Structure formats: structure tokens, C-alpha cells
Amino acid sequence: MSYEKVTQVKSRVIIGTKQTLKAMKNGEISEVFIADDADPKITQKVASLAEELNIPCERVDSMNKLGAACGIEVGASTAAIKQS
């Protein structure tokens, strides 16, 4: 379901940890996706901030699948959906 959700709202997806963290701090994010096979050192900041800001955080199993759902040819450790 998670990959489908990302694919459906591709125009509102933010890809990557730095961009996700920045958008979360600016209050622009409605939901976050974190790949389980990504480096925890990278994804922990996103998971912690999502918890702190009460942003729903969904885990997915694959960086490659998350990247594909975002429409990029490389893996994505995190992605987020902007509020509409």
C-alpha cells in the first residue's frame, strides 16, 4: 500500500533525508516513509523528528522500491508527502 500511495501523489513527494527533514521542520509534511534497508544513522533523524512532530511514519522494506515509486532510478532512504 505504501508504494502505491507514493506513486499516486508523485507530484507532492519529497525525496531524500535532507529535503525531508527541512520540509518537516517547515510544517509542510503530512506523512513520511522510511526504507528498512537504509542506513539507520541516516534515517533515525527523520524517524525521531516525525515522532516529535506527530507526523505519521510508515516503514517500507526496500530503498529501491521506494525510489521507483518516487519515479527515480536509484534507491531512496526516505520520502515524504507534502500536505495538499
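None of the figures in this text is laboratory data; all of them are computed from the coordinates on show. Everything numeric here is computed off the predicted structure, so don't read it as measured data. Here Cβ is always computed from backbone atoms with ideal geometry, including for glycine, and neighbour counts include all displayed protein chains.
Within segment 31-78, list the GluC sites (Glu not before Pro) lying in a DSSP loop whose Cβ has at most 13 other Cβ atoms in a 10 Å radius.
Sparse-neighbourhood loop GluC sites (Glu not before Pro): 73.
In whole percent, what relative contact order does segment 2-82 give with Cα contacts below 8 Å and a gap of six or more residues?
Once normalised by length, the contact order is 46 percent.
When the chain is fully extended, how far beyond the present Cα-Cα distance does residue 2 get from residue 25, taking 0.36 nm per residue of separation?
Length gained between residue 2 and residue 25: 6.0 nm.
In nanometres, what is the gap between the two model label sites at residue 53 and residue 73, each 7 Å from Cα along Cα-to-Cβ?
Each label point lies 7 Å from its Cα, and together they span 3.1 nm.
What is the spin-label model distance, in nm, from residue 39 to residue 10 if the labels are put 7 Å beyond Cα along the C-beta direction?
Here the modelled spin labels are 2.9 nm apart.
With springs only between Cα atoms under 10 Å apart, run a GNM on the chain and tell me which of 69, 47, 23 wobbles the most.
Comparing 69, 47, 23 in a Gaussian network model of the chain, the most mobile one is 23.
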